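Student: Got a structure for you, written out below as structure tokens; questions coming shortly.
Rule-based calculations on the coordinates, nothing more; no lab input. The structure displayed is predicted, hence computed values, not measured ones. Virtual Cβ from ideal backbone geometry, glycine too; neighbours counted across all protein chains shown.
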Amino acid sequence: MRPVLRDEKLEAEFQKNGYVHVPFLSKEEVKYLWDKFFEVLKTSGGHVSPKDAGLDMDYTITYDFTFIDRNPDHKREVLKIIDEVFRPHYEKLLADYKPIIANYIRKEEQTGEVPLHENWAFADEKKCCTVSIWCPLVDSHRGNGALEVVPGSHKRFGQFRGPMIPWELEGIKDDIIKNDLVTCGIKAGEAIILDDSIVHYSHPNTTSDLRIAIQLILIPNEEPAIHYHMNQAVDNKTINILEVEQDFFMEFNPWKQPTEFKKVGEIPFVQKDLTYAEYRKKLNGPRYDEKPTFMQRMKAVFS
Ligand SMILES: [Fe+2]
């Protein structure tokens, strides 16, 4: 497997748990990125909505982040601002990765629950790991919506993830939230580097202070970006594999059919809804990017 982190110890921890906690930004950089958030907000076009794609439907989203902005130039500017500051740090930590999406994630008072999910797949996860760097600009804890993860859940569930593809853990989200989360309560400027396939969540901000965090998504330099796409209205049994340029994500509207892409394959899709017991078993089973060990094969035979 291609390495994610340059440091061997961190790499082993990342592969075991699906995330690592690292020191990341200086105090000055935190302050700079905090101030920049309010400056760049002037170019925001507001949230993209189904109406932008000509659909007459209502939709509410419980959290506020750059990716759903209507103005592609605003998204490009946010990526530039964040990458300039993050790059010297992630180049030391990560083994040759390039950024594709950057988010300021804003949680105002009493808002901002991020439902349990895995991030979309952004490259071929049989060959590599894509990562998110999550870095809060204030000290984070459960009460203001720190990142919460299910350790070791990476590369176990929903290998082909995209906006319209049903998720096998959808029906048991509440049980997982109740039983399996670890809160990453980290200080301002520290970071969690997580595998995009790890199961994660965050609570609403119940404090009276604004909570801003940053997410930068990166994929290996040598890998093309991928978007798994399903057009449910036409065929809900096939996932299309699209190779896309970075600008695809800047122009993205989840309700629009994509136009700029190269289709490189198809995957048959069968919907599965795991029970909590099945999920627990799979959590301790082999990853989808590795062959099961002899012991794991034996366990499967006898269970
Ligand atoms: Fe996420």
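Student: Can you list the DSSP H helices in the chain whose Cα atoms extend at least 24 Å along the helix axis and whose mean Kyte-Doolittle hydropathy is 0.5 or higher? Can you show the working numbers first?
Tutor: Values: long enough: 72-93 (29 Å, -0.97).
Within the chain not a single helix satisfies the rule.
Student: Using modelled backbone amide H atoms (1.01 Å from N, in-plane), which distant-in-sequence or interchain residues come within less than 5 Å of ILE239's amide H?
Tutor: Under 5 Å from the amide H of ILE239 lie the amide H atoms of ILE267, PHE269, each far enough along the sequence or on another chain.
Student: Run lengths n ≥ 4 of DSSP H only: what is the helix-derived mean residue ellipticity at 222 nm for the chain, with -39500 (n - 2.57) per run over all residues, to the nearest 500? Don't jump to the answer; show the numbers that get you there.
Tutor: Numbers: 7 runs with 75 residues, N = 303.
So the helix-based figure for the chain works out to -7500 deg cm²/dmol.
Student: Tell me the relative contact order for the chain as a rounded percent, counting alpha carbon contacts under 8 Å between residues six or more apart.
Tutor: Numbers: 604 pairs, mean separation 74.0, N = 303.
With pairs under 8 Å counted, the relative contact order is 24 percent.
Student: Tally Lys/Arg at +1 and Asp/Glu at -1 over every other residue whose Cβ is under 12 Å from the Cβ of GLU77; what's the total? Present the calculation step by step, with values, prior to reporting the outcome.
Tutor: Values: positive: LYS36, LYS42, LYS75, ARG76, LYS80; negative: GLU39, ASP69, ASP73, ASP83, GLU84.
With Lys, Arg at +1 and Asp, Glu at -1, the neighbours total 0.
Student: Taking the chain as a Gaussian network, Cα atoms linked when under 10 Å apart, which of PRO163, PRO151, PRO136 shows the biggest mean-square fluctuation?
Tutor: PRO163
Student: When ASP56, ASP124, ASP83 are ordered from fewest to most other Cβ atoms inside 10 Å of their Cβ, what list results? Don't skip to the end; give the middle numbers.
Tutor: Details: ASP56 6, ASP124 18, ASP83 15.
So the ranking, lowest neighbour count to highest, is ASP56, ASP83, ASP124.
Student: Once phi is turned into θ = phi - 60°, what whole-Hz ³J(HN,Hα) does the Karplus curve with 6.51, -1.76 and 1.60 give for every residue of region 211-226, x standing for Gly and Pro?
Tutor: 10, 10, 10, 10, 10, 10, 9, 10, 10, x, 3, 8, 9, x, 6, 10
Student: Counting other C-beta atoms within 10 Å, which of VAL114, VAL4 has the fewest, and how do the rest follow? Don't skip to the answer; put the middle values down first.
Tutor: Working: VAL114 19, VAL4 22.
Neighbour counts put them in this order, fewest first: VAL114, VAL4.
Student: Here's something else I'd like to know. Under a plain spin-label model, where a point goes 7 Å from the Cα along Cα-to-Cβ, how far apart in nm are PHE294 and ARG6?
Tutor: Taking the two extended label points, one gets 3.8 nm.
Student: How large is log10 of I(q)/I(0) for region 8-302 at q = 0.09, 0.11, 0.14 Å⁻¹ when the intensity is taken from the Debye formula with one equal scatterer per alpha-carbon?
Tutor: Here the Debye-derived log intensity ratios amount to -0.44, -0.67, -1.14.
Student: Spelling out what I want: for every residue of region 108-120, take phi, set θ = phi - 60°, compute 6.51 cos²θ - 1.76 cosθ + 1.60 (Karplus), and round to whole Hz; glycine and proline get x.
Tutor: 7, 3, 6, 10, x, 5, 9, x, 4, 6, 10, 5, 4
Student: Taking 0.36 nm per intervening residue step and subtracting the Cα-Cα distance, what contour gain separates TRP255 from GLU39 on full extension?
Tutor: Values: separation 216, 0.36 × 216 = 77.76 nm, distance 2.88 nm.
Here the answer is 74.9 nm.
Student: While we're here: Can you work out the FRET efficiency for the pair TYR276 and VAL301, with r the C-beta to C-beta distance and R0 = 30 Å, to the nearest 0.05? Working shown, then result.
Tutor: Numbers: r = 23 Å, r/R0 = 0.77.
Rounded to the nearest 0.05, the efficiency is 0.85.
Student: Peptides 18-27, 188-197: what's the order by average Cβ count within 10 Å, highest mean first?
Tutor: On the way: 18-27: 18.2, 188-197: 22.9.
In decreasing order of mean packing, 18-27, 188-197 become 188-197, 18-27.
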